[in-house]
Amino acid sequence: MGIVPRLGTGVPFIARGDEIGRLRAALARARTGGGGAVLVSGDAGVGKSRLLTEFLAEAGSGGAHVLLGRCLSVGEAGLPYLPFKEVVEQLRALRPGLVEARPALSGLIGRTASTAAPSREENDLGQLQLFDAMFTALAELGDDAPVLLAVEDLHWSDASSRDLLSFLVSRLAGQRLLLVGTYRSDDLHRQHPLRPLLAELVRLPVVERLDLTPFGPADTLAFVETLADGSIDAELMADVAARSEGNAFFAEELVAASATGPVGGIPTALADVLLSRVETLSPAAQRVVGAISVTGRRHVRHAAVRSVVDLPDGELDAALREALQHHILVTDDQDGYTFRHALLREAVYADLLPGERVRLHAAYARRIVDLQQDELAGALAYHSLRSNDLPTALAASVKAADDAMRVGALAAELRHVEQALELWSAVQNPAEHAGVDELTLTRKAAYVASAAGHPERALAYAQAAVVVADRDSDSVTRADVRRQLTEAFLANGRWAEAQKTIADAWELVESQPPSRTRAWVLALRARTLWATDDDVSRSYAEQAIEDARAAGSVSAESDALISLAFNDLRAGAVEDACTLFEQARQNAVRVGSANVELRASFNLVTTRYEQGLLDAAVALADAAVQRANALGVTWSMYGLELRWLRAMVHYGHGSWDEALAAASPPGEQVSDTITALLAASAAIIKVSRGHFDDAQRELVRVRPEWHRDGQIALLAGVAGVEMAGWQGRHSDATALADEAIAAMRKGDADRWPLGGIRLAVLAIGALADAARVARLEHDTHAETAAVAEGRRFAEHARLTAQHGIPRADRLGPEGVAWLARLAAEESRLTGSTDPAPWRATVEAFGYGDVFHAALAQWRLGEVLVTAGDRDAAAVELAAAHETAGRLGAQPLADAVRDLARRAHLALPGTVLPATGLLTPRELSVLELVARGYTNRKVGEELFISEKTVSVHLSRVMTKLGAASRTEAVSVAHQRGLLADG
């Protein structure tokens with residue numbers, strides 16, 4: 001087979017399943033005599049070479065003859081037949097006779113004696129002989145194996161190579177030959193010499209076109225994460241992914257430059273590549289392109305270009321046409337011009353002289369002012385700032401923020417508000433220009449940052465607002481600013497600071513008459529004291545309701561109603577609590593208080609989930625998340641809480657596709673806390689489906705964020721411990737469980753987060769597996785250590801159940817189910833075969849958590865087999881197998897099938913293996929003997945006696961004519977009865 005250098009092997013190969021599938025299909029047709037050609041096109045850097053490299057390597061390892069020729073950029077004339085000279089050299093190394101028997105091929109690579117210069121007729125005849133020699137050599141090479149001939153970078157091909165390629169493709173019929181050519185579509189301007197050939201080839205029935213498009217957003221992010229391999233943080237990875245716009249080469253260069261820290265511009269190597277195409281344009285076209293780069297990423301209309309570029313209309317049109325033909329610019333659906341790629345715009349903009357940039361920005365700003373269009377405030381702020389007109393930039397930024405608020409564009413609103421705050425101290429009399437005071441602007445920044453999914457930035461602005469307010473504001477205003485700061489502390493999980501801040505606010509308004517601010521301060525006092533003093537919390541909530549009704553603040557009243565509902569939960573009056581939650585939600589909807597509405601919805605979903613009413617919880621969660629999206633507050637505090645809660649509710653419900661959709665990446669830049677929560681939620685589902693590589697990438701990325709939120713540590717810990725358990729990494733599972741529990745407790749010995757029960761039980765499950773292996777290997781020391789470690793985790797689980805504070809007066813069905821599994825895993829830890837604990841676990845999870853019920857059925861089937869109750873075991877395993885198949889829970893499905901095979905039980909839809917010579921049971925015995933198991937260990941694994949193992953082994957040796965166990969294994973391998981291990 002041909003040897004092809006692997007290019008770009010350091011670049012990950014992802015998200016090209018459809019494309020490589022089409023290439024495989026074409027090669028499969030060629031194997032059966034269906035010769036064909038595939039023309040692979042795509043922009044520079046999109047991944048054509050990486051796709052081809054992967055395909056060639058795969059084809060070569062699959063038995064095909066692989067030949068590769070490359071075209072080079074060496075001027076318009078090029079080097080005649082350059083790619084085919086490479087191919088002939090490879091042919092000669094592979095089959096010398098094929099080349100030596102054909103002088104035309106030997107002459108191509110200088111292997112024949114030179115003669116006098118040929119005439120025109122001789123030259124034409126020689127070319128025909130060369131073309132025919134190449135075709136027949138390839139066809140003959142395909143007699144024993146299919147031939148894959150690839151020619152890279154056809155956009156640089158010379159005329160002779162194009163003629164030869166046309167000849168080969170036009171004669172494809174029944175040969176075992178596949179031709180693959182790649183070219184850059186963005187290099188093919190109207191006069192490009194390859195265009196006529198392509199037009200000719202695509203009309204042939206044997207030719208298939210494959211256009212390689214950039215990665216989508218999700219695949220781009222996955223590609224960047226794999227490239228980065230932990231060298232850059234999540235926010236920078238998201239920025240790189242966005243800037244690369246799915247182009248693999250651009251992403252690779254940006255990641256390399258970002259590995260040492262944030263990069264504001266473009267790496268030099270990438271800029272050189274991008275600008276090399278611009279430099280081929282005429283001076284006028286370069287001037288126009290530079291002017292358009294100043295507008296930013298948005299499109300620019302022809303009239304705008306005319307207003308800032310001093311060129312006659314005819315020259316301007318010619319320059320624009322030239323830039324379009326060379327694929328520097330493209331037109332959009334709004335009849336405007338924009339750059340083909342944002343990074344190309346960045347490179348052109350960076351190449352402008354400083355003075356040139358300022359003049360162009362000022363020209364655009366003047367045009368916007370002349371147009372007097374309010375919707376252009378954002379553009380005016382952009383150009384004014386870059387032309388050093390700071391007062392105008394400040395005023396326009398505030399105006400642009402207001403415009404963004406009206407259309408619900410939170411990210412844009414935050415960007416404009418932050419820009420206004422940055423300009424504040426650089427402008428004289430800023431309030432006069434901005435039309436708003438500094439406190440109002442700072443508080444607005446805090447609110448918008450929170451709603452846009454940046455709780456840390458919201459906290460910083462809320463703290464800054466307190467400083468501004470304390471300069472000269474009245475006590476009510478200072479209290480209200482502290483109320484906002486309290487909510488920011490709560491959104492960041494900083495409860496102690498929230499309690500202190502709202503207490504300070506209460507001191508400022510305690511002696512004041514009822515007001516909206518006083519009502520809200522009381523409501524937040526009630527919320528922050530709920531976990532420490534029920535009676536005091538209720539008192540503040542009731543007082544908040546009185547103040548709110550006196551002041552006409554429905555939102556503060558609704559928030560206080562939610563806090564009152566928690567007292568009902570504690571008293572066991574769950575339905576009364578849900579009534580209050582729903583009342584608060586409806587009131588908040590009526591007055592448009594989005595945050596209060598979502599808080600009420602979150603607590604409704606959580607309560608129904610904790611009751612085990614998963615159908616109701618799913619319906620409520622779906623509606624609440626949809627509502628958050630409609631309100632434009634998906635990434636606010638409770639918008640986020642509802643997002644990951646929806647993922648977990650669907651996970652328990654068994655609707656895993658919906659769970660994964662809920663836990664999908666944000667698709668925009670938000671807080672690291674939000675990204676980590678969603679990634680950890682998704683990791684649990686991916687582990688349960690056996691997508692361990694994807695889950696591991698998520699968990700590595702999330703690990704530095706555990707300190708941000710105990711929920712991140714819990715979710716990531718659960719996913720990591722479960723994955724380690726499935727993979728048999730028992731010590732990793734216990735270590736990770738300890739780390740997650742410690743992260744959740746945050747160094748507080750009196751803190752008992754209830755999620756610690758689940759983590760402890762999962763750790764005991766891993767230790768029970770380790771103890772079982774130790775018993776099989778008669779390793780008493782290892783078994784004793786595993787049991788002791790398991791008991792330590794069991795003690796932690798029980799103490800957590802005793803000291804943890806549930807939202808209601810007692811643990812709900814989920815908590816009770818995990819305590820049932822605790823008892824079952826403890827029984828497995830000591831080697832007990834009593835089915836009662838596992839029956840109790842199946843029943844406990846029967847409230848609706850289908851996956852964990854199926855896991856318990858698998859374990860119940862295991863102890864039933866050991867106890868000899870095969871019929872009952874078959875029923876449990878069949879049920880577990882059906883659920884695992886429906887959910888796509890591959891690790892569980894594999895475990896159930898493995899147990900059924902070892903126990904010689906048939907599952908519905910499956911049949912026991914038959915080998916002809918050996919019975920299934922004899923084959924099972926021999927497979928374990930091949931692993932080095934003793935007869936006793938084989939018996940324990942297959943649930944039969946040591947004596948029965950000996951009988952089966954004797955029969956096997958007789959059937960195979962073997963004198964020993966070792967010889968029996970060897971003979972079985974030779975006959976193909978055993979897979980290579």
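Just so it is clear, none of the values below were taken in a lab; they were calculated from the coordinates. All of these numbers come straight from a predicted model, not from anything done at the bench. Please note: Cβ atoms are built from the backbone with ideal geometry, for glycine as well, and neighbour counts cover all protein chains shown.
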Subject >> Gain upon complete extension [Asn629, Glu967; 0.36 nm per residue less C-alpha separation] >> reply: 114.9 nm
Subject >> Two-site label geometry, Thr958 and Ala550: point separation in nm, points 7 Å out along Cα→Cβ >> reply: 9.9
Subject >> Loop-resident sites, the stretch 294-343, for trypsin sites (Lys or Arg not before Pro), counting at most 16 other Cβ within 10 Å (DSSP) >> reply: Arg297, Arg298
**OP:** List the residues of the stretch 310-343 whose backbone N lies under 16 Å from a point placed 7 Å from the Cα of Arg190 along the Cα-to-Cβ direction.
**Re:** 314-331
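Shape verdict for the stretch 784-903, please, from the Cα gyration tensor: rounded (a/c under 1.5), prolate (a/b greater than b/c) or oblate. List each step's numbers first, then the result.
Numbers: a/c = 2.16, a/b = 1.41, b/c = 1.54.
It comes out oblate by the Cα gyration axes.
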**OP:** Any chance you could tell me what percent of the C-alpha pair distances in the stretch 405-475 go past 14 Å?
**Re:** 59
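At 0.36 nm per residue, minus the direct Cα-Cα distance, what do Glu100 and Arg366 gain on full extension? Give it in nm, one decimal, please. If you can, show how the numbers build up before the last one.
On the way: separation 266, 0.36 × 266 = 95.76 nm, distance 7.39 nm.
Residue separation times 0.36 nm, minus the Cα-Cα distance, leaves 88.4 nm.
Could you compute the net charge surrounding Gly63? Neighbours are other residues with a C-beta less than 11 Å from the C-beta of Gly63; K and R count +1, D and E count -1. Could you put the intermediate results ahead of the total?
Details: positive: Arg31; negative: Glu58, Asp144.
Cβ neighbours under 11 Å give a net charge of -1.
Can you give the convex hull volume per residue for the Cα atoms of the chain, as a whole number of Å³?
Values: hull volume 207.8 nm³, N = 981.
Residue-normalised Cα hull volume stands at 212 Å³.
What is the chain's relative contact order, in percent, from Cα pairs under 8 angstrom and six or more apart in sequence? Show your work: numbers first, answer last.
Numbers: 1517 pairs, mean separation 54.9, N = 981.
Computed over the chain, the figure is 6 percent.
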Original post:
Hey, rough spin-label estimate for Thr833 and Val700, points 7 angstrom out along Cα→Cβ, what's it come to in nanometres?
Top reply: 4.3
Original post:
Just the C-alpha atoms of the stretch 920-974: what Rg/Rh do they give, with Rh taken as the Kirkwood radius?
Top reply: 0.93
Original post:
What is the list of residues in the stretch 330-362 whose amide nitrogen lies under 16 Å from a point 7 angstrom out from the Cα of Glu422, following Cα to Cβ?
Top reply: none
**OP:** List the residues of the stretch 483-523 whose backbone N lies under 13 Å from a point placed 7 Å from the Cα of Asp470 along the Cα-to-Cβ direction.
**Re:** 501, 504-505
**OP:** List the trypsin sites (Lys or Arg not before Pro) within the stretch 762-824 that fall in a DSSP loop (any state other than H, G, I, E or B) and whose Cβ has at most 12 other Cβ atoms within 10 Å.
**Re:** Arg810
**OP:** Using a Förster distance of 22 angstrom, determine the FRET efficiency expected from the C-beta separation of Val407 and Thr331, and round it to 0.05.
**Re:** 0.30
Original post:
Where the convex hull is taken over the Cα atoms of the stretch 448-497, what is its projected area averaged over directions, in nm²?
Top reply: 3.3
Subject >> Label-to-label distance, nm, for residues given as Thr226 and Glu777 (7 Å Cα→Cβ offset) >> reply: 3.4
Original post:
Please state the relative contact order of the stretch 811-954 as a whole percent: Cα pairs under 8 Å, 6+ residues apart?
Top reply: 14
Original post:
If you take the C-alpha gyration tensor of the stretch 728-832, multiply each eigenvalue by 5 and take the square root, what semi-axes do you get, largest first, in whole Å?
Top reply: 26, 15, 10
**OP:** State the Cα centre-to-centre distance between the stretch 697-759 and the stretch 834-893 in whole Å.
**Re:** 26
Subject >> Ser731/Gln890 FRET efficiency (R0 22 Å; Cβ-Cβ; nearest 0.05) >> reply: 0.35
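Where does the longest stretch of the chain lie that holds no GluC sites (Glu not before Pro) found in a DSSP loop with 12 or fewer other Cβ atoms within 10 Å?
Values: sites that count: Glu76, Glu279, Glu510.
Between exposed loop sites, the widest span is 511-981.
Kyte-Doolittle cut-off 0.5, length cut-off 30 Å along the helix's own axis using Cα: show which whole DSSP H helices in the chain pass.
Numbers: long enough: 120-141 (31 Å, -0.08); 755-776 (33 Å, 1.23); 780-803 (34 Å, -0.68).
Both cut-offs are met by 755-776.
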